[in-house]
Amino acid sequence: MVMLQDARQILIVEDDEDTAEVVCTLLNEAGYNAVAVDRGEDALHEIAATSPDLVLLDLNLPDIHGLEVLKQVRERAFLPMIVLSGFAKERDKVNALEAGADDYLSKPFSPEELVARVKALLRRINWTPQPETKLTVRQLELDIPRRQAFIRGERLHLTPIEYGLLVTLMRNSGQIVTHDELLKGVWNEQYAGDYSVLRVNISRLRQKIELNPRHPAYIVTVPGQGYRMPQ
């Protein structure tokens, strides 16, 4: 395999050899440098050693469950991660999102959709609002050039999706941001109406920034409409 200089590095964690080969070929043809490992321990080692730009993660691995891999990575890395899974139930999707996945794609999936999801997530990570360098809402601060967030002076460890939600809500503080506006702005048009992915990520974000997530002061639900961040 010829490695493309400066191409985005994608790690595929998949124990099915045929699936791993197909996905690697697909992404290499799309202009990425894709490599595959088939075990969770190997994935954790590869992530620590090479810092890939994005990870495609199967859940059903032979040594460590994919959710455990996801949780361990999320403890220390702002790394885009898409779960690829044969489990298609809503609860499986919610579990993966709650564990820190940025996206969830059920098998079998179309090659076009996989490449589109990868491109969309990497595009969101690359996007930096200009000319803003800092956003502040009360005790919540975002350092945009460093992609870092702080609450009451403490550093927050956010996923790329959580970061995108926070940027959008903070920039529109005092206003209602509708469900569909958040889905379109932070994900893309493919997620129109997918309110479960939004609810899970909002819930996860509240756990990180609110003193009492059951009575949020920063991300307030506007019933039937969306969310608002009071100034």
Of the accessible area of the chain, computed with a 1.4 Å probe and all protein chains kept, carbon and sulfur make up a percent value of 48 percent
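Roughly speaking, what % of Cα-Cα pairs in the chain are separated by over 24 Å, rounded to a whole number?
44 percent
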Helix 90-99: inclination vs the chain longest Cα principal axis, degrees, rounded to 10, gives 80 degrees
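Counting only heavy atoms of protein chains, what accessible area per residue, in Å², does the chain have with a probe of 1.4 Å?
Using a 1.4 Å probe on heavy atoms only, each residue of the chain averages 50 Å².
For the range 75-188, what is the convex hull (Cα atoms) projected area averaged across all directions, in square nanometres?
Values: hull surface 32.3 nm².
Approximately 8.1 nm², given one-decimal rounding.
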Relative contact order as a percentage, the chain, C-alpha pairs under 8 Å and 6+ apart, gives 13 percent
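Can you give the helix-only mean residue ellipticity at 222 nm for the chain, where every DSSP H stretch with n ≥ 4 adds -39500 (n - 2.57) and the sum goes over all residues, rounded to the nearest 500 deg cm²/dmol?
Details: 8 runs with 94 residues, N = 231.
Computed mean residue ellipticity for the chain: -12500 deg cm²/dmol.
Please give the charge dipole size of the range 138-231, origin at the Cα centre, charges +1 on K and R Cβ atoms and -1 on D and E Cβ atoms. Round to the nearest 20 debye.
Numbers: 13 positive and 9 negative charges, 64 e Å.
In total the dipole reaches around 300 debye.
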Env charge @ Pro160, Cβ radius under 12 Å, K,R +1 / D,E -1, value 0
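The values are calculated or read from the model by the stated rules, or taken from the named source; none is laboratory data. Treat the numbers as computed from the prediction; the structure is a model and nothing was measured. Virtual Cβ from ideal backbone geometry, glycine too; neighbours counted across all protein chains shown. With ligands, DNA and RNA removed, areas are computed over all heavy atoms of the protein, side chains included. Shrake-Rupley method; radii C 1.70, N 1.55, O 1.52, S 1.80 Å.
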